[in-house]
Each structure stands twice: as C-alpha cells, then as structure tokens.
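The values are calculated or read from the model by the stated rules, or taken from the named source; none is laboratory data. Since this is a predicted model, take the numbers as computed values, not measurements. Positions of Cβ are generated from backbone atoms using ideal geometry, with glycine treated the same way; all protein chains shown enter the neighbour counts.
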Amino acid sequence: MDWSAFFKDMELWMQASNEVLKKYPIDSDKYWEWMVHSTGKFGNKYNNHPLVIGFLNTLITFQEDVYKQLSQSKQMG
C-alpha cells in the first residue's frame, strides 16, 4: 500500500469536497450523491483496504455530523 499516495489523494478529495460544497449545500441530494459516488470510487482505488474504509467512514461521519448540526440550527431558528 502506498500510504503517501493515499493521503495525498485524501487531501485532494477534501479539496474537491469543499468545491462541491460551494455549488451544493451539505443538505442537498446533489452533495450526498457526490459524496457516496466519490468515496466509493476512492475506496475501490485502494482495493477497499480496511484502513482506507475506516478513513472514508470517518470522513462520512464528520460530514453527517455537520449536516445534523445544520439541521438542528435550522429547526431552532
């Protein structure tokens, strides 16, 4: 496993995520479609190595937490 390449690709994925978020809000179907597609492709690139899947799950969980916070804020406001 080329971990250097993996972490570089993860950095590029995070940059891409930020760009997608400029076009589509985190509570949009478009963002989540991109998220599911891109993380699946990313995992496949690294043969779905268990540690790669763990990192991708962490990224998805983080975005879900941001989404939940936004949803709660909208409900309160």
Residue list for the stretch 28-77, restricted to those being among the hydroxyl-bearing types (Ser, Thr, Tyr) and either outside any loop (DSSP other than H, G, I, E, B) or loosely packed, with under 12 Cβ neighbours inside 10 Å (or both):
Tyr31, Ser38, Thr39, Thr58, Thr61, Tyr67, Ser71, Ser73
In this structure, is Lys22 exposed (fewer than 10 other Cβ atoms within 10 Å of the Cβ) and modelled with pLDDT of 95 or more?
yes
